[in-house]
Amino acid sequence: MDCADIYLCPDTSYVRLPNDDVMPAVALLIYGVTYALTIMLPTDDLTSVTKERVDRWIEIVHGPLTSQCEGSQAQFELLLDIVLVYRARTLSQYGLGKTKFDLFADHLIKTASKLHPFEHADNELSEFVGWLCVNFPKSVFDTDNLDLSNLPMQSPLEPPRRFRPPVAQTLAWAGQGLANELHRLTIIEHNHADVDDTYMPPTAPLTASNVANIPRVPKTPQQARRGPEMAGADSDAESDRGASDIPSLETVDCSSCGDGEHSD
């Protein structure tokens, strides 16, 4: 990720009400990979915009914007110029009175209102800041007299400080937990497959009821059913069933025996 994702969102309840009061604020949303910032920019009532709050904005722009949200140098300069307008109005410097600030606020509201909710605001903010530099005194954006020594911030030109945000730590724990759970399910599935391959259901003991339920194997008939033309042969065979199939010794021809010539 080369820069942060910046969105400028208007107050939804004021977007489609042309006769309503002035939109009280717009939201500046800044998203990095593991960190996010939200800055509410008042456009009407400035009682909450104190010097301490402006200093806090400057600290955010110099510090977390670059060190935690991966903001680029161009994004840093755009947001710093907007914050410096609030600083000049709060300190009543450079002739920036209510009329001039109302012009600034009106233009900021129009810029936020024409952006799609999911549209990056970099290009629109660049045009807005360009308009500021043309219509406002250049001394407003001069940082030579800006005392940053007392702010616990980090310059965008310095290497990032060691920082591990809670969100990243939570995601790391969640990822490790998911990996452990997938590993456990894989082992269970592997063991279950081994059991299915070797498992044989136990044989029930033989009882009288089990034996009675065993299907009987049909016996092969001694004679196949024949057609009408074989009926006579069947009747002859039935009549001969009474006779013995074993031949009588008296009818046996013993001429082939070795003692046949002595039978006389």
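Tell me the residue from GLY63, GLY32 that is crowded, with 18+ Cβ neighbours inside 10 Å, touching a residue at least 12 places away in the same chain (Cβ under 8 Å) and within 29 Å of the chain's Cα centre (by Cα), please.
Going through GLY63, GLY32 in turn, the sole match is GLY32.
Taking PRO152, is it part of a loop (DSSP other than H, G, I, E, B), closer than 21 Å to VAL33 by Cβ and at pLDDT below 75?
No, not satisfied.
Which of the numbered conditions does VAL26 fail, given that it passes all the others? Conditions: (1) surrounded by fewer than 16 Cβ atoms within 10 Å (Cβ to Cβ); (2) within 24 Å of ASP106 (Cα to Cα).
Condition (1) is where VAL26 drops out.
Right, SER113: closer than 24 Å to GLY63 by Cα and either exposed (fewer than 12 other Cβ atoms within 10 Å of the Cβ) or in contact (Cβ under 8 Å) with a residue 12 or more places away in the chain (or both) or not? Outline the logic, then answer.
Values: closer than 24 Å to GLY63 by Cα: no; either exposed (fewer than 12 other Cβ atoms within 10 Å of the Cβ) or in contact (Cβ under 8 Å) with a residue 12 or more places away in the chain (or both): yes.
No: the conditions fail for SER113.
Might you let me know whether region 89-100 holds any residue that is farther than 20 Å from PHE136 by Cα, of a type in the set (S, T, N, Q) and in contact with a helix residue (DSSP H, G or I) (Cβ under 6 Å, 6 or more places away or on another chain)? I'd like the intermediate steps shown before the answer.
So in region 89-100, the residues farther than 20 Å from PHE136 by Cα come out as none.
No, there is no match, as no residue in region 89-100 is farther than 20 Å from PHE136 by Cα, of a type in the set (S, T, N, Q) and in contact with a helix residue (DSSP H, G or I) (Cβ under 6 Å, 6 or more places away or on another chain).
For residues that are assigned to a loop (DSSP other than H, G, I, E, B) and under 24 Å from CYS3 (Cβ atoms), scanning just region 123-149, find the one that is modelled with the lowest pLDDT. So that I can check it myself, show each step before the final result.
Of all residues in region 123-149, those assigned to a loop (DSSP other than H, G, I, E, B) come to 136-137, 142-149.
Next, only the ones that are under 24 Å from CYS3 (Cβ atoms) stay: 143, 146, 148.
Values: THR143: 84, LEU146: 75, LEU148: 67.
Step by step, filter region 123-149, then rank; the result is LEU148.
The values are calculated or read from the model by the stated rules, or taken from the named source; none is laboratory data. Computed from a prediction, not measured in an experiment: that's the story for all the values here. Cβ sites come from the backbone with ideal geometry, for glycine too, and all protein chains shown count toward neighbours.
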